[in-house]
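The structure appears right after this line, and notes come after that.
The values are calculated or read from the model by the stated rules, or taken from the named source; none is laboratory data. Source: prediction; values computed, not measured. Virtual Cβ from ideal backbone geometry, glycine too; neighbours counted across all protein chains shown.
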């Protein structure tokens, strides 16, 4: 489990928690930042941040929207989750995750809905 949290004095705000499966995300020799980058490599969906396309960004001068709606063929849309740490008007460790792909893995691993709370 990779958990993204930010401390505000004595309060720990958890805003990301991802199940990492070694068959999909290689965890060997990885720092926590490496794990987040590898997770984004496995489940990322490229978005534009500060003029650059990608699914993982170390930092940006401004926070980015927490989700992006992508237009797909045949009038369909896809929502991409964007996680980030924010402080003093900047954002860091920004990941854009294709939640459909991630949920597909959870289903494949037979994770039940009540185990995701």
For the stretch 106-115, does any single residue satisfy the condition of being surrounded by 13 or more Cβ atoms within 10 Å (Cβ to Cβ) and over 21 Å from residue 13 (Cα atoms)?
yes
Just give me the residues in the stretch 68-91 being surrounded by fewer than 16 Cβ atoms within 10 Å (Cβ to Cβ) and in contact with a helix residue (DSSP H, G or I) (Cβ under 9 Å, 6 or more places away or on another chain), in sequence order.
78, 79
Taking first residues from the stretch 1-16 that are over 26 Å from residue 98 (Cα atoms) and second residues anywhere that are surrounded by fewer than 11 Cβ atoms within 10 Å (Cβ to Cβ) and modelled with pLDDT under 95, the pairs with Cβ under 9 Å that are 6 or more apart or on different chains are 7/13
Within the stretch 12-26, is even one residue under 27 Å from residue 107 (Cα atoms), modelled with pLDDT under 95, assigned to a loop (DSSP other than H, G, I, E, B) and over 11 Å from the mean Cα position of the chain (by Cα)?
no
Any residue that is touching a strand residue (DSSP E or B) at 6+ places or on another chain (Cβ under 7 Å) and farther than 16 Å from residue 97 by Cβ - is there at least one of those in the stretch 20-30?
no
